[in-house]
Amino acid sequence: QVQLVESGGGLVQAGGSLRLSCAASGRTLSSYAMGWFRQVPGKEREFVAAISRSGIFTTYADSVKGRFTISKDNAKNTVYLQMNSLKPEDTAVYYCAAGGDLEYRPSAYVYWGQGTQVTVSS
């Protein structure tokens, strides 16, 4: 069992930056691939980024490629999402998730955090 807690969300102006954190307890994150997803009301949960168990491999949604960076500190049992050049369309609740493989499908992830709100004003 893994418990995930996101933090770092907030309100930022377009062009600004935020760093989301996802702290894990219960099991070490080196056992899991980790993903970040986002969701706005009335829409499906959308893949943002994922990182492999080792932290070596990463993958990103086209909409955030070049602006967002996912990283993993297995010693701190924490995953990060650095978000730069934020746009109003990045506004959403952001969730981190733990799973077995580097995947973009939400169904591939077993454990989920409660989410953190990111709002980007124009």
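The values are calculated or read from the model by the stated rules, or taken from the named source; none is laboratory data. Every value quoted in this text rests on a predicted model; they were computed, and no experiment measured them. Reconstructed Cβ throughout: ideal geometry from the backbone, glycine too, with neighbour counts over all protein chains shown. Note: areas computed on protein heavy atoms with side chains; ligands, DNA, RNA excluded. Shrake-Rupley method; radii C 1.70, N 1.55, O 1.52, S 1.80 Å.
Looking at (1) charged (D, E, K, R); (2) under 23 Å from Ala108 (Cα atoms); (3) in a strand (DSSP E or B); (4) open to solvent by 60 Å² or more (accessible area, probe 1.4 Å), which is the only condition Arg19 fails?
(2)
Would it be correct to say that Gln13 is within 19 Å of Gln1 (Cα to Cα), modelled with pLDDT of 95 or more and open to solvent by 10 Å² or more (accessible area, probe 1.4 Å)? Steps first, answer last, please.
Working: within 19 Å of Gln1 (Cα to Cα): no; modelled with pLDDT of 95 or more: yes; open to solvent by 10 Å² or more (accessible area, probe 1.4 Å): yes.
Here the answer is no, as Gln13 does not meet what is asked.
Restricting the first residue to region 101-122 and requiring it to be on the phi < 0 side of the Ramachandran plot and touching a residue at least 12 places away in the same chain (Cβ under 8 Å), which pairs with a second residue that is loosely packed, with under 13 Cβ neighbours inside 10 Å and among the aromatic types (Phe, Trp, Tyr) meet a Cβ separation below 6 Å and a spacing of at least six or different chains?
Leu102/Phe57
Scan region 71-81 and tell me whether some residue there is surrounded by fewer than 22 Cβ atoms within 10 Å (Cβ to Cβ) and at positive phi.
Initially, region 71-81 is screened for residues surrounded by fewer than 22 Cβ atoms within 10 Å (Cβ to Cβ), giving 71, 73-78, 80.
Retained after the next criterion (residues that are at positive phi): 77.
The answer is yes, given that some residue of region 71-81 is surrounded by fewer than 22 Cβ atoms within 10 Å (Cβ to Cβ) and at positive phi.
Considering (1) touching a Phe, Trp or Tyr at 6+ places or on another chain (Cβ under 8 Å); (2) assigned to a helix (DSSP H, G or I), say which one Ala97 fails and leave the rest.
Every condition holds for Ala97 apart from (2).
If we scan region 59-69, do we find a residue that is open to solvent by 60 Å² or more (accessible area, probe 1.4 Å) and at positive phi?
Going through region 59-69, the residues open to solvent by 60 Å² or more (accessible area, probe 1.4 Å) turn out to be 62, 65-66, 69.
Checking which are at positive phi leaves us with 66.
For region 59-69, residues open to solvent by 60 Å² or more (accessible area, probe 1.4 Å) and at positive phi: present.
Would you please name the residue that is nearest to Ser31 (Cα to Cα), looking only at residues in region 82-108 that are crowded, with 21+ Cβ neighbours inside 10 Å and out of contact with any helix residue (DSSP H, G or I) (no Cβ under 8 Å at 6 or more places or on another chain)?
Cys96
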